[in-house]
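Only one structure is covered here, and it is reproduced in the block below.
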Amino acid sequence: MKKSPQQQKLEGLLQSSKFSACGFMGSDGRSLWEIIDEDAAVIARAGKTMEEIAARMKELTDEGVKGLGDWVEISKTLKVMVDDNRGMIPCPWPHHVRCLKRITYVRSTLKEKEIRWSDLSVHLIKEHGFFQGRGSPYRVDPDTLIKLIFTVG
Ligand SMILES: [Zn+2]
């Protein structure tokens with residue numbers, strides 16, 4: 001599919017360092033649309049929707065906030081901590097949305113994995129289906145994310 005000028009402009013915007021230190025695209029060689037398509041397929045295979053994932057992420061952030069910077073136990077194997085950075089960061093899509101810069105860390109002792117996201121990450125997933133490019137410090141790997149946040153026990 002041929003890219004429209006708007007798509008090209010948006011990709012340029014996302015690749016720039018204007019919005020985050022290393023850029024949303026990271027070192028990913030794929031186009032924005034390829035990243036979105038491939039991650040959407042992972043989510044679909046897992047039988048989830050972007051809305052369900054974003055809702056669960058928000059729920060975990062809300063629980064983590066209660067810890068005031070300390071770890072909060074969600075279950076026997078899952079804990080959450082929120083680092084409440086002050087300040088806002090704009091969504092790179094041209095619709096004037098700004099999100100809190102705070103970071104949520106989720107750790108699973110069962111899977112021995114940790115994942116983190118910002119409030120903007122949740123917005124990008126929910127509204128744009130965008131998990132960010134490989135090599136971006138804030139890429140949220142959809143497969144790891146699903147395994148962690150929907151862990152029961
Ligand atoms: Zn947005």
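Here, each number is a calculation from the coordinates, and none is a lab measurement. Note that the structure is predicted; figures quoted are calculated from it, not measured. Here Cβ is always computed from backbone atoms with ideal geometry, including for glycine, and neighbour counts include all displayed protein chains.
Quick one: divide the alpha-carbon radius of gyration of segment 42-90 by 2.2 N^0.38 Å and tell me what you get. Could the numbers behind the result be given before it?
Working: Rg = 13.3 Å, N = 49, 2.2 N^0.38 = 9.7 Å.
Dividing the Cα radius of gyration by 2.2 N^0.38 Å gives 1.37.
Among Gly47, Val65, Ser27, which residue has its Cα furthest toward the positive end of the charge dipole of segment 19-153, with +1 on Lys/Arg Cβ and -1 on Asp/Glu Cβ?
Val65
Quick one: work out Rg over Rh on the C-alpha atoms of the chain, Rh as Kirkwood radius. Each step should come with its number before you reach the end.
On the way: Rg = 15.5 Å, Rh = 16.0 Å.
A ratio of 0.97.
Could you state the orientation-averaged shadow area of the convex hull built on the Cα atoms of segment 73-153, in nm² to one decimal?
Approximately 5.6 nm², given one-decimal rounding.
Given the DSSP H assignment, sum -39500 (n - 2.57) over each helix run of at least 4 residues in the chain and divide by its residue total; what's the result at 222 nm in deg cm²/dmol, nearest 500?
So the helix-based figure for the chain works out to -12000 deg cm²/dmol.
How charged is the neighbourhood of Met88? Take every other residue with its Cβ under 11 Å from the Cβ of Met88, and add Lys/Arg as +1 and Asp/Glu as -1.
In short, +3.
Skipping prolines and chain starts, which residues have an amide H placed within reach, meaning under 5 Å, of the one on Arg98, given they are 5 or more residues away or on another chain?
Residues meeting the amide H criterion: Cys91.
Explain nothing, just the number: dipole magnitude of the chain about its Cα centre with +1 on each Lys and Arg Cβ and -1 on each Asp and Glu Cβ, in debye rounded to the nearest 20.
220
With θ set to phi - 60° and the Karplus curve 6.51 cos²θ - 1.76 cosθ + 1.60, what are the ³J(HN,Hα) couplings of segment 100-113 in order, to the nearest whole Hz, using x for Gly and Pro?
The phi angles translate into 5, 7, 4, 10, 9, 10, 10, 10, 10, 6, 5, 9, 6, 9 Hz.
What order do you get for Lys76, Lys58 when you list them from fewest to most C-beta neighbours inside 10 Å?
Lys76, Lys58
Arrange His123, His95, His128 by Cβ neighbour counts within 10 Å, fewest through most, would you? Working shown, then result.
On the way: His123 20, His95 9, His128 15.
Ranked by crowding around the Cβ, least crowded first: His95, His128, His123.
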